[in-house]
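The values are calculated or read from the model by the stated rules, or taken from the named source; none is laboratory data. These numbers come from a predicted model, not from an experiment. With ideal geometry, Cβ positions are generated from the backbone for all residues, glycine too; neighbour counts draw on all protein chains shown. In case anyone asks, the SASA skips ligands and DNA or RNA and just uses the protein heavy atoms, side chains included. Shrake-Rupley method; radii C 1.70, N 1.55, O 1.52, S 1.80 Å.
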Amino acid sequence: GVEHVPIAIDSLGVSPLRDLALFARYHKLLKQIRPDAFLGYTAKPNVWGSLAAQALGIPVVNNISGLGTAFIEGGALRRIVSALYRAALRRSAAVFFQNPEDRELFLARRLVRPEQARLVPGSGIDLARFQAVPQPVGQPFTFLMMGRLLWQKGVGEYVEAARLVRREVPDARFRLLGFLDAPNRSAVPREDVERWQAEGLIDYLDETDDVRPHIAAADCVVLPSYREGLPRSLLEGAAMARPLIAADVPGCRHVVEDGVTGFLCTVRDSASLAHAMLRMIRLEPAQRAAMGAAARSRVEREFGEERVVEPYLQLLDEIFARPA
């Protein structure tokens, strides 16, 4: 029953003229649709969609699902993006963050006010769809990394760690699942992935609409990202009772409890990642199963879909509440 209204977004571009054109497209569409509320996700919709909605008197709710390349790399682009966020979020009814560090960063930079900033546990997981499954048996140890193939997700570190681990465990497998040619300045070139495959370092699985068979076939889910909101790939792996390895950064450390549900490694450090992978391989199967069970239990307690939906419903009730 959802009506899809497409809108063209130059997600890579930094042209002021193109962004002003995007604002105009948002303004035109929102004026036609006249929604009761505008819910924004990701940078450009959060900025230009919010400004267009506010110009039309439409209540705005934002979700900062991650900080992206501008905040990770810093410099002039971060200053520009910060100024745009400050202007766009100023009149929002609320701004949801997926981890406390992102919230504190926006508060410290005065991009939002304390009364606006709220926390939600990521995007939530459908626990009926993602169910715990037994660990695979009778196969070489298999790691799985899934997501957009971006350098800032730690793809390079994953490949180099595979090279290091293979020196000690030659039959270990390293699978990479996600779409190439992402419209992002941090996108991994297709020729690099093809070269890694030719070297025998990774098995590239392309992209899929259903990650569950790939998680079920893996012994461990890995995400050496430089920074996250709250990574869905780790939540999906945990929901299916897989132990996890991730970089010790905002977002990832809120899913992975070191030594309990998996291992944390140093960010941008392939040697640290390889060390964590070798530790995982050397655990007894019962120990890995216990980590996977603990991961599933934590998702059930903290990250179910209802824990994300309910704050939105409560907020919309607040927005549209009328005096008796």
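Beta carbons closer than 6 Å, at least 6 apart along the sequence or on distinct chains, pair a first residue in the range 218-236 that is over 22 Å from V137 (Cα atoms) and in contact (Cβ under 8 Å) with a residue 40 or more places away in the chain with a second that is of a type in the set (D, E) and open to solvent by 10 Å² or more (accessible area, probe 1.4 Å) for P224/E157.
On the stretch given as the range 189-202, residues that are at pLDDT below 95 and among the hydrophobic types (A, V, I, L, M, F, W, C) total 0. What residue, of L111, L127, is under 22 Å from the mean Cα position of the chain (by Cα) and surrounded by 19 or more Cβ atoms within 10 Å (Cβ to Cβ)? Being under 22 Å from the mean Cα position of the chain (by Cα) and surrounded by 19 or more Cβ atoms within 10 Å (Cβ to Cβ) holds for just one of L111, L127, which is L111. Every test in (1) modelled with pLDDT under 95; (2) more than 23 Å from the chain's Cα centre (by Cα); (3) outside any loop (DSSP other than H, G, I, E, B) is passed by I281 save one, and that test is (1).
As a summary of the residue check, A241 satisfies the conditions (1) open to solvent by less than 40 Å² (accessible area, probe 1.4 Å); (2) in a helix (DSSP H, G or I); (3) closer than 26 Å to P170 by Cα except for the one numbered (2).
Among the candidates A295, A286, which residue alone is at pLDDT 95 or above, of a type in the set (G, A, S) and buried (at least 16 other Cβ atoms within 10 Å of the Cβ)?
Within the list A295, A286, the selection yields A295.
Taken over the range 260-281, the criterion of being open to solvent by 50 Å² or more (accessible area, probe 1.4 Å) and closer than 17 Å to R242 by Cβ is satisfied by V260, R279. A single entry from I202, I215 fulfils the requirement of being closer than 25 Å to G259 by Cβ and of a type in the set (V, I, T): I215. Checked against (1) more than 21 Å from L22 (Cβ to Cβ); (2) surrounded by fewer than 17 Cβ atoms within 10 Å (Cβ to Cβ), A132 passes all but condition (2). Of the residues making up the range 207-221, not one is among the hydrophobic types (A, V, I, L, M, F, W, C), under 23 Å from R190 (Cα atoms) and either surrounded by fewer than 18 Cβ atoms within 10 Å (Cβ to Cβ) or in contact with a Cys (Cβ under 9 Å, 6 or more places away or on another chain) (or both). Pairs linking a residue in the range 4-31 that is in contact (Cβ under 8 Å) with a residue 60 or more places away in the chain and farther than 23 Å from I58 by Cβ to a residue that is in a loop (DSSP other than H, G, I, E, B) and open to solvent by less than 70 Å² (accessible area, probe 1.4 Å), with Cβ atoms under 7 Å and 6 or more positions apart or on different chains, are L12/N184.
Quick check, is I58 of a type in the set (A, V, I, L, M) and either part of a loop (DSSP other than H, G, I, E, B) or touching an Asp or Glu at 6+ places or on another chain (Cβ under 8 Å) (or both)? Spell out the reasoning first.
Working: of a type in the set (A, V, I, L, M): yes; either part of a loop (DSSP other than H, G, I, E, B) or touching an Asp or Glu at 6+ places or on another chain (Cβ under 8 Å) (or both): yes.
Here the answer is yes, as I58 does meet what is asked.
From the list L176, L149, L119, L180, the one residue that fits, being open to solvent by 80 Å² or more (accessible area, probe 1.4 Å) and under 18 Å from the mean Cα position of the chain (by Cα), is L119. Search the range 274-310 for residues being touching a residue at least 60 places away in the same chain (Cβ under 8 Å) and in contact with a Phe, Trp or Tyr (Cβ under 7 Å, 6 or more places away or on another chain), and hand back the single one that is farthest from Y226 (Cα to Cα). Going through the qualifying residues, I end up with I281.
Count of the range 203-224 residues, restricted to those that are among the charged types (D, E, K, R) and modelled with pLDDT of 95 or more, is 4. Has the range 304-317 got at least one residue that is of a type in the set (F, W, Y) and touching a Lys or Arg at 6+ places or on another chain (Cβ under 7 Å)? So far as the range 304-317 goes, no, none of its residues is of a type in the set (F, W, Y) and touching a Lys or Arg at 6+ places or on another chain (Cβ under 7 Å). If you go through the range 11-49 and pick out every residue that is acidic (D, E) and open to solvent by 60 Å² or more (accessible area, probe 1.4 Å), you end up with 1.
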